[in-house]
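These notes concern the structure reproduced below.
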Amino acid sequence: MQQTLAAPDIDVCPSLLGGGHRPETVAIIAEEGLLPAGLVNRLDALYPQYSRLKNAAVPLFTGKGSYSGIEGFREVCRVLAANGIEMGHETERELFIDVYRFLATRHTLNSIDWTSFATDSMFQLVFPQPGMIRRDVVAAYTSATSREERQRIAADYMRQTNPHDGKQQLNKPWLVTAAGEVEVLHGLQHKYPQIPLIFDQQTQHCFSFCTYCFRHAQVRGDEDMFVQKDIRAVHDYLRLHTEINDLLITGGDAGYLTAERFERYVTPLVEDPRLFHVKTVRLGSRALTYQPELILRRKYQPMLDLFDRLNENGIQVAWMAHFSTPREVLNPLTVAATRRLQAHRVVVRSQSPMMKHISLFEDADGSIDVERSARNWIDLANILGMLCVGFHSIYCARPTGEHHYFSAPLAEIHKVYDRIYRSLPSINRPSRHISMTTSAGKISILGTAEVHGETVFALKFSEGRNMRWLDKVFLARYDQTTHNVALLEPYDTETFFFEGELAAIEAELSATLAGSRA
């Protein structure tokens, strides 16, 4: 049953009445009391530097719901030009779009501060930037004389973008049929025992594309993307693997999953005792950042009803958001959509990477500005706390796509994280230390230590291909320059303790998957 959270009051957010929003969205916010004045006033008073909660300015983008591809990008440029704003570097930005794609919703575009867009985190998050792609590739693309030649240059470069870092193809699980044949589930990854990832056929798209996307093979539609079509096979696999506690439906974006298809996933979890070991269903989605209006529509009610049903049957629904800046949160639609999910017993949590230019900032000399970078995350964490959103984790940029543009030395990131951790009350801190994903697992940087007068990194797995690896703290030589935890060197041994076993695990997985294709 729907819970009313507060008395209806939308006058406190004037942009709701003049921002081109659907009338039904405004009506739902009012009817369900999703923007109580006390909350809005408190957030706006505490964080005016980020807040758009009371912004009455007429937005630039009021027409189309989204803009995609090069033509969509050019249309955005025309709207900006009509308002006296020139983005510049259009050809270089179009190269990026040919390689990685472009998509931005109206909500995303109106979240950008166009008066100072070049340094705006949301602009950096969704718009290609000069310097992302190598200069020689940019020069060749710029001098090309035909559209076909430019597409060829982009396609050639695409092969160099490392779309499946961490040997993700080895994460595909399989079933053994009655005939003894290996049936691979091509839309799943099951790397850690407690939780498989489901890349459903409906969740291959995004509401807006992040420029740092770690899964550009998915949104680009590469031949080796993960796509799960058969839901029955998922349940068959779950019945055989009672160590599984959680399911994570991801993509792309799980926000694209229809209620009808979601019901096919979850009904057996409720009704079949052989699936009672599944206790949590996670949905990986950036809809709260890019398209919160999705949740604020009448047609979303069947999904909310399913969330209620799962909760009533002892299954937690966790909405895994990806907030990395306070600006993503402090607008009327995102706050309202978050509270609507929570009213239906959805646990909203946030996990996101620390990315240079977006949530990790530089001084004028190019060094990391520790205080400014930490302040972004400290404020975000406290805002999430005020909204009863759990701060799950922060992680490092993965070595895929234009990693060089977004990453920073681990030694500097560690300093920022330490500043965040010691500044927050324990209840608002991330649930684990900052980590980076490798083929072996998620390796957390616990801090530094002095051993025999030498500074070292103290490391620990937070997830691993062998979960027993989590029991051990291990040391790596301190390195002030590397951006990749996989490139760190052991402190006092030839190899890290897990490397021999990891090689054997990878070889076995590779052989089994290769045999299934034979």
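The values are calculated or read from the model by the stated rules, or taken from the named source; none is laboratory data. Just so it is clear, the model here is predicted, and its values are computed rather than measured. Note: ideal-geometry Cβ built from the backbone for every residue, glycine included; neighbour counts use all protein chains shown.
List of remarks:
- Contacts under 8 angstrom Cβ, first residue in the range 169-184 being touching a residue at least 40 places away in the same chain (Cβ under 8 Å), partner exposed (fewer than 13 other Cβ atoms within 10 Å of the Cβ) and acidic (Asp, Glu), 6 or more apart: 169/224
- If the condition is being out of contact with any Leu (no Cβ under 7 Å at 6 or more places or on another chain) and under 19 Å from residue 216 (Cα atoms), then the range 138-158 contributes 151, 152, 153, 155, 156, 157, 158.
- Residue check, residue 12 under 27 Å from residue 301 (Cα atoms), at pLDDT below 95, of a type in the set (A, V, I, L, M, F, W, C) and assigned to a loop (DSSP other than H, G, I, E, B): yes
- Cβ separations smaller than 6 Å between residues 6+ apart or across chains give the following pairs from the range 121-141 residues that are at negative phi to residues that are in a helix (DSSP H, G or I) and polar (S, T, N, Q): 126/108.
- Those residues of the range 463-477 which are among the charged types (D, E, K, R) and surrounded by fewer than 20 Cβ atoms within 10 Å (Cβ to Cβ), in sequence order: 468, 471, 472, 477
- If you check 306, 341 for being more than 30 Å from residue 119 (Cβ to Cβ) and surrounded by 22 or more Cβ atoms within 10 Å (Cβ to Cβ), only one passes: 341.
- Answer residue from the range 94-120, given it is hydroxyl-bearing (Ser, Thr, Tyr) and touching a residue at least 24 places away in the same chain (Cβ under 8 Å) and is farthest from residue 80 (Cα to Cα) among those: 100
- Looking only at the range 459-488, and only at residues there that are aliphatic (A, V, I, L, M) and touching a Phe, Trp or Tyr at 6+ places or on another chain (Cβ under 6 Å), the one that is nearest to residue 506 (Cα to Cα): 470
- Residue check, residue 262 part of a strand (DSSP E or B) and either among the small types (Gly, Ala, Ser) or within 26 Å of residue 107 (Cβ to Cβ) (or both): no
- From the list 268, 196, the one residue that fits, being in contact (Cβ under 8 Å) with a residue 24 or more places away in the chain, farther than 23 Å from residue 399 by Cβ and outside any helix (DSSP H, G or I), is 196.
- Positions within the range 436-453 being of a type in the set (Ser, Thr, Tyr) and in a loop (DSSP other than H, G, I, E, B), in sequence order: 438, 439
- Of all the listed residues (372, 398, 349), the sole one being outside any strand (DSSP E or B) and within 19 Å of the chain's Cα centre (by Cα) is 398.
- Among residues of the range 279-298 being hydrophobic (A, V, I, L, M, F, W, C) and touching a strand residue (DSSP E or B) at 6+ places or on another chain (Cβ under 6 Å), the one that is farthest from residue 127 (Cα to Cα) is 281.
- Total residues in the range 117-147 satisfying the condition of being under 25 Å from the mean Cα position of the chain (by Cα), part of a helix (DSSP H, G or I) and modelled with pLDDT of 95 or more: the figure is 7.
- Failed criterion for residue 411 (all others in (1) in a helix (DSSP H, G or I); (2) surrounded by fewer than 19 Cβ atoms within 10 Å (Cβ to Cβ); (3) in contact with a strand residue (DSSP E or B) (Cβ under 7 Å, 6 or more places away or on another chain) hold): (3)
- Just one of the listed residues (59, 36) is over 25 Å from the mean Cα position of the chain (by Cα), in contact (Cβ under 8 Å) with a residue 24 or more places away in the chain and buried (at least 18 other Cβ atoms within 10 Å of the Cβ), and it is 59.
- Residue 209 falls short of the stated requirement of being within 21 Å of residue 509 (Cβ to Cβ), in contact with a helix residue (DSSP H, G or I) (Cβ under 9 Å, 6 or more places away or on another chain) and surrounded by 19 or more Cβ atoms within 10 Å (Cβ to Cβ).
- Test: residue in the range 252-267 that is in contact with a Gly (Cβ under 6 Å, 6 or more places away or on another chain) and under 30 Å from residue 177 (Cβ atoms): yes
- Checked against (1) more than 23 Å from residue 290 (Cα to Cα); (2) in contact with a His (Cβ under 6 Å, 6 or more places away or on another chain); (3) buried (at least 20 other Cβ atoms within 10 Å of the Cβ); (4) not acidic (Asp, Glu), residue 252 meets all criteria but (1).
- Residue check, residue 400 β-branched (Val, Ile, Thr), modelled with pLDDT of 95 or more, over 19 Å from residue 446 (Cα atoms) and buried (at least 19 other Cβ atoms within 10 Å of the Cβ): no
- For the range 479-493, residues that are surrounded by fewer than 19 Cβ atoms within 10 Å (Cβ to Cβ) and in a loop (DSSP other than H, G, I, E, B) total 8.
- Residue 496 under 21 Å from residue 410 (Cα atoms) and not in a strand (DSSP E or B): yes
- Filter result for the condition that a residue is more than 23 Å from residue 463 (Cα to Cα) and out of contact with any Pro (no Cβ under 6 Å at 6 or more places or on another chain), over 205, 235, 241: 205
- Residues in the range 99-111 that are surrounded by fewer than 22 Cβ atoms within 10 Å (Cβ to Cβ) and part of a loop (DSSP other than H, G, I, E, B): 101 only.
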